[in-house]
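The numbers here are math on the coordinates, done by the rules we state, and not lab data. In this text, all values refer to a predicted model and were calculated from it rather than measured experimentally. FYI the Cβ positions are ideal-geometry reconstructions off the backbone, even for glycines, and counts take in every protein chain you see.
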Amino acid sequence: MTRAKIHLLPAELRNQIAAGEVVERPASVVKELMENALDAKATEVHVSIEDGGQSCIIVEDNGIGIPQDELELAVTRHATSKLQTTADLSAISSYGFRGEALPSIASVSKFRIVSKTKDEDVAHELCVNFGDIKESSPASLQQGTLIEVRDLFFNIPARLKFLKNPATELKRAAELFMRLALGADHVAMSLVSGSRTVMEFFSHEEKKDKLAKIWSSAIIEALIPVDYFSHGMHLTGFISNPRSVQQRADRMLFYVNGRAVNDKLMLKAIRQAYAGKITTRDYPQCLLFLELDPREVDVNVHPAKSEVRFRDEKALFAVIARAVENALANCPSYFSVKNLQEEEHSAVPEAKFGDLYTEQVQAKPQGFWGKADYESRLSFVKEDKNESRYDDVVTEYFIGTKPEIVSDTEENRNENQFAAKNYSEKNISFDDMVSAEPFSKPACCQSVAEPQTEIAPLSKNFNAQNTQAETLFQNQNPVSNALPYGLEYMGQVAETYLLLKKDNANLLILDQHAVHERILYEEMKKGQIQSRNLLCPLEFPVHKSEEERYFSVKETLGHLGFSLQEAEKAQKEQGGGLVVQITAIPMRYDRVTAMGFIKEILMEKMDNLDSIWIRHACKSAIKAGTPLDTASAIKLILQWLATEEPDNCPHGRPSVIHFDSNDLEKLFKRKF
């Protein structure tokens, strides 16, 4: 094989290679020419496009213009008026500075530039035919510069065939036009395609007025202003209410010293500020302008100048996150339960899980609370006058015709039977069970031993006992639905949502699963986890590929209420891998759920303790479609009101939706 000699590339080929970095598509041409117009101090910029920019692009401005003797230099590579010395590169204040845009565009199109300064009597034009420069000649133009680009990429078929259809190319050009227009104050701009005006902005318009031409009125109404200064950085603009989100990041617009940028660090800081207020798959809308010393930011990191690098990234991250957090906290249009907590200093009555139904009510017969009698946590049985319903619940649960939570094994059925008789023989009510403290382990992993007696037969007079207990509960001990902050419980809808009324002027709708997730998550963070010992430990093998993962999360699982022990060495060698015994599980888990949760932890690479807490809270929380009686709902709401972040579940989904009278009037078309 013959080795090719090293040689200089022809100037034409060099220009086309360089043009590929700067001019990707017609939208790139629009961006570069508009930035040149803004650098020329133009107050009017007009853009005209045909066939999505493939046939013709014309950009005209009323800026300072280019003198006749510099027109040829303007289309020469690395020729610019925006930098003079190396020191200027460390404090760039203009959009362009490389001296590459015009020669790159001229090398891949039929290029024509007409310009006139205020000191010249007549304008001059220069034509370049795919890199071939022609002589300049007089032309007609009142003031500024006009650039015409035709037959883009005609001499590069490989690039031409990768362009999309005209409608798509026009859309991308319009997006870049919009980005530049939002960042340019006091500049009138228009974008025309054929005979249609696509966008038009006026010099007197404020940023929010410009946004109103791009985003829907619902988004504009939900915008929250941002104005924050710290560490020599000034952040201004708008962010959206956490209730107004979308699943793409195309409405997150960032500007650094007036330059539109796509910066991952700024995006991450915004996401951090919204963490817990929106889900991980959602994105807020924002228009943010960051002003800082040009020496603190490097814009010379990308040919298209759309990416930047900051000298102090930690300070920038903290400033943006704090600015957004403050804006959300101080905005009156953003309803937050935390604001209610701050407005009223009355303490919320402390309500722990073990305190549910601790008021002195008549003891209920075994089976009155259905499955909750065994769970000894929350009462999930809705008040019902239908006596036969309780017979069905008890029969299903204790006889095992439709086992729903406990696995269908002989051992589990025996455990259920042991539990039933133990409570029925002692005549312990649900109130007594949940208020008792039968826990032996300290701190986060208190455990309750499993009952070890046999099941007693159900009473023949169960229906009569049940009816009598209901009557006593309703007549002698009515449930109080008094709540703090002027809230009043109104009931449950679809066995999923809890309705609250505030001061007779606001409606709050709670998602009971999200509310319970928040309560459990904060319990875990504070180490308040209860567990129960297993009569017969569960065993499962750990594959060698999962052993490292197992030992890394073992301590975390212990904090969640699991007690794990590795088998003896001989057993491990016999099975060819690690064998683990589960001797205790969280109070809210049955055996099957506990085993499934651990397997998920070992298979799914959850990267931190917080993500495991969130998964644990989600699996333990009340599910949608679970009926709650009034007392359970009230106690659940009280616990929720006492949490630190009540507005959202740990995933970021809203736990409460708020409607005031104005919102309701809009829903019913009383107000527009």
Alpha-carbon centroids, region 141-199 and region 509-557: separation in whole Å: 56
Using θ = phi - 60° and the Karplus form 6.51 cos²θ - 1.76 cosθ + 1.60, what ³J(HN,Hα) does each residue of region 542-553 get, whole Hz, x for Gly and Pro? 10, 5, 4, 5, 9, 4, 4, 5, 4, 5, 6, 10
For residue 256, list long-range residues whose amide hydrogen, built 1.01 Å from N in the peptide plane, is under 5 Å from its own amide hydrogen. 261, 290
With each pseudo-label sitting 7 Å past Cα toward Cβ, what's the residue 70-residue 546 distance in nm, one decimal? 7.0
Using unit Cβ charges (K, R positive; D, E negative) and no other charged atoms, how large, in debye to the nearest 20, is the dipole of region 233-287 about its Cα centre? 120
Length gain on complete extension for the stretch residue 501 to residue 243, per 0.36 nm per residue less the alpha carbon to alpha carbon distance? 90.9 nm
Once amide H atoms are built 1.01 Å from N in the peptide plane, which residues 5 or more positions from residue 226, or in another chain, come under 5 Å H to H? 237, 238, 239
Residue 3-residue 158 FRET efficiency (beta carbon distance; Förster radius 25 Å; 0.05 resolution): 0.40
For region 190-313, taking Cα atoms only, what is the radius of gyration to one decimal and the Dmax to the nearest whole Å? 15.8, 49
For region 607-649, one quarter of the surface area of the C-alpha convex hull, expressed in nm², comes to 3.8
Got a sec? Charge dipole of region 190-293, +1 on Cβ for Lys and Arg, -1 for Asp and Glu; which of 191, 212, 247 is way out at the positive end? 247
In nm, spacing of pseudo-spin labels at residue 122 and residue 630 (7 Å Cα→C-beta vector): 9.4
Too long for a 29 Å Cα-Cα cut-off, among 314/619; 525/623; 171/277; 210/666; 116/264; 554/635, are 314/619; 171/277; 116/264; 554/635
Sticking with the crude label model, points 7 Å out along Cα→Cβ, report the distance from residue 231 to residue 93 in nm, one decimal please. 2.4
Going by amide H atoms built from the backbone, whose H comes under 5 Å of the H on residue 584, apart from near neighbours? 534, 563
Give me the compactness ratio for region 21-74, meaning the Cα radius of gyration over 2.2 N^0.38 Å. 1.20
